[in-house]
Structure formats: structure tokens, C-alpha cells
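The next block holds one structure in the form of C-alpha cells; read it before the comments.
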Amino acid sequence: MRLLVDSGSTKADWVAIDDAGKVLFTTQTLGLNPEVLEKEVIIERLNDRFDIFQNKDIATHLFFYGAGCGTDRMKNALTTIFKEYFSNAAIVVEEDTYAAVYATTPKDEKAIVCILGTGSNCSYFDGTKLHQKVQSLGFIIMDDASGNVFGKELIRKYYFNKMPKELAVEFEKEYNLDPDYIKAKLYKEANPNAYMATFAKFLIQNKDTPFCQKIILKGMKSFVKNYVKQYDNCKEVPVHFVGSIAFYLKDELQQTFDKYGIQLGNVLRRPIDGLIEFHGQN
């Protein structure tokens, strides 16, 4: 049994396949980002899903593609946890961009591959290997155009009284905006980035308003300038995306890319289906 996992900071999609590539079961846990979670929380989230717990000693391989796994330190830390939990499995931990590559990019094709979900990322795939110009420093400093950055911007606009009144009324109906509640979520609980990303739903729902359009397009422009344009050939290869922000704001992505003369490639909400096909063939 091979376990395939695509994990963001908010959630992780799990699929078990046999040697022929047949799907045995699918499930979902909360995100398993080693940058923001301690070992005990990761184990708790694994134990919380019966399919995973029941089969942890049966699994022969675990292929984990996750947010927060872009450095050797984080890869090694998560590998150690998984080796202890899945005691009979060979463990492979890679950053989540590899899942995006396998899901969006035809074999041997060169492309820029990006993630726009709770967090954001951008790499160049030369047909064999990933190359990254920008080393992520996490959600506090980076993650342009991501769900957590858009969410933070909405909270700031609301509290600085810069959100249009009619939107502010709807915002108050949608979320608990008590300052003590927000501060507890941000500074005392796990996954503050995932919490901030929950506000991005409001941005998407109201994306046709001038207020939200301005925030979205500013974020997309920042992502192109700070990430995509790091690569000199960004106008020569397609730029693929995975992630809910990219998926639901595809029109705004297209608008921004047209402005810069960049080719928007495949845009997928989740890469897990592509991972099933890839590992079924490999």
C-alpha cells in the first residue's frame, strides 16, 4: 500500500493506492505543516483519522508533499516523525511544489509552477528538477497573494475603518470579529496562517466589488513581480497553478498575466488526482 499526501497548512488530502495504482481509500486531515506544528499535534492529527491509524503498519511507502517542507531541516524533522508512525514504510518528503508539478505539467515540459492557497510559492521546473529563486520566510513576511495575506488585508481594512460600510456589515455577519477572539486565534492557537486564510472566502464571494477587486489585483501584481518575474524566461514557458485562491480567482490571474504578457497554463484546485496518475505510472 502506497500513501500519497498533498498537504497545505489548512488541510491534507490522503489517498492510498495498491501496486497497480488502484485507489484503496481517500481521507483528509488538517494540514501538517512542520513549520508551524509540533510533533504532538502532527501525531494527533494522524490518529484522528481511522483509515490512517488502522493502516499505518501496513503502508509500504509514504509520499508526502507538503507546505513548510522546503528546507532540509523541515524535511528531516517530518521524515523522523513519519518513520516512527509508519514503522514499515519507506518515507519520501518533498515540498508541495513537486505535487503541483506532477499534477499540472506534462512529461518533460518546462514550466513555472506556482501554488496559491493558504500560502504561496513559485518554482521553475526544467523538465527534471525544480529551481527556486526565492526562499520562503513564511506567512508573516511573504506568501504574496495567498489566502492568509488576503485575509490579513481584509482584517486590517475592517479594523482601520477602510472597508465600505455595506461590506463591513456583511463581514460582521460572516465572522466573529471580537478583538479578543481574533488575537487568541492569531497568537495562542495553532495554524494562525490557516485562520487568516478563512477570511479569503469573503474576498472571493465579493470579488466583483471595486473594493475587493483592488485588493485582489494588487496581490496578483505583487505575486507576478516578486515571484514569477524572478525567472528570465517567464514569458517563454507556461505558468501553472494549483490552490484554491488560484482556482477561484482565475479570471483575475488571467487579467494580470495578460497585462505582463505571460502565458497562464493549467489551474487546478487540488493536485491530488494528478498525484494518483503519476504514482500509478511510476
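The values are calculated or read from the model by the stated rules, or taken from the named source; none is laboratory data. Since this is a predicted model, take the numbers as computed values, not measurements. Here Cβ is always computed from backbone atoms with ideal geometry, including for glycine, and neighbour counts include all displayed protein chains. Keep in mind that these areas ignore ligands, DNA and RNA; they rest on the heavy atoms of the full protein, side chains included. Shrake-Rupley method; radii C 1.70, N 1.55, O 1.52, S 1.80 Å.
Worth a mention:
- Annotation: average projected area of segment 228-269 is 2.7 square nanometres, based on the convex hull of Cα atoms across all directions.
- Nearest-20 debye value, segment 12-74 charge dipole, Cβ charges on Lys, Arg, Asp, Glu: 40
- A cut-off under 11 angstrom between Cβ atoms defines the neighbours of K11, and their net charge, with Lys, Arg +1 and Asp, Glu -1, is 0.
- Equivalent ellipsoid dimensions for segment 61-198 as semi-axes, Å, which come from the Cα gyration tensor, largest first: 34, 20, 12
- Annotation: D251 carries an accessible surface of approximately 110 Å², with a 1.4 Å probe and no ligand, DNA or RNA atoms counted.
- Within the full protein context, the accessible area of M142 is estimated at about 40 Å² for a probe radius of 1.4 Å.
- Distance between segment 1-48 and segment 221-282 - C-alpha centres, whole angstrom: 24
- DSSP-assigned coil residues among trypsin sites (Lys or Arg not before Pro) in segment 142-186, each with at most 13 further Cβ atoms within 10 Å: K162
- P(r) histogram, all alpha-carbon pairs of segment 211-280 included - 5 Å bins from 0, percent: 3, 15, 25, 24, 16, 10, 5, 2, 0, 0
- Longest to shortest principal axis, alpha-carbon extents of segment 109-262, angstrom: 48, 33, 20
- Once the Kirkwood radius over Cα pairs is known for the chain, the Stokes-Einstein relation at 37 °C and 0.692 mPa s delivers a diffusion coefficient of 168 µm²/s.
- The Cβ shell under 14 Å around K83 holds other residues with a net charge of +1, Lys and Arg each +1, Asp and Glu each -1.
- Loop sites by DSSP among the GluC sites (Glu not before Pro) of the chain, restricted to those with at most 16 other Cβ atoms within 10 angstrom, leave 110-188 as the longest stretch without any of them.
- In the context of the full set of protein chains, segment 174-231 has a per residue accessible area of 53 Å² (1.4 Å probe).
- Projected label points at E40 and N233, each 7 Å from Cα along the beta carbon direction, are separated by 4.9 nanometres.
- Cα-centred dipole magnitude for the chain, charges only on beta-carbon of K, R (+1) and D, E (-1), debye, nearest 20: 820
- Value at 222 nm in deg cm²/dmol, rounded to 500, when DSSP H runs of n ≥ 4 in the chain each add -39,500 (n - 2.57): -13000 deg cm²/dmol
- With N counted as the residues of segment 90-149, its alpha-carbon radius of gyration over 2.2 N^0.38 Å works out to 1.17.
- Multiplying the residue separation of D273 and E166 by 0.36 nm and removing their Cα-Cα distance gives an extension gain of 34.5 nm.
- Straight-distance crosslink candidates among lysines, where the alpha carbon sits under 30 Å from K39 and sequence neighbours closer than 8 are dropped: K11, K56, K75, K83, K129, K133, K152, K183, K185, K188, K201
- In summary, the aspartates and glutamates within cross-link reach of K250, defined as a Cα separation below 18 angstrom excluding same-chain residues under 8 places away, comprise D143, D144, D208, D258.
- Segment 133-219: Cα Rg divided by the 2.2 N^0.38 Å rule of thumb: 1.09
- From largest to smallest, the equivalent ellipsoid semi-axes obtained for segment 1-112 from the alpha-carbon gyration tensor read 21, 18, 13 Å.
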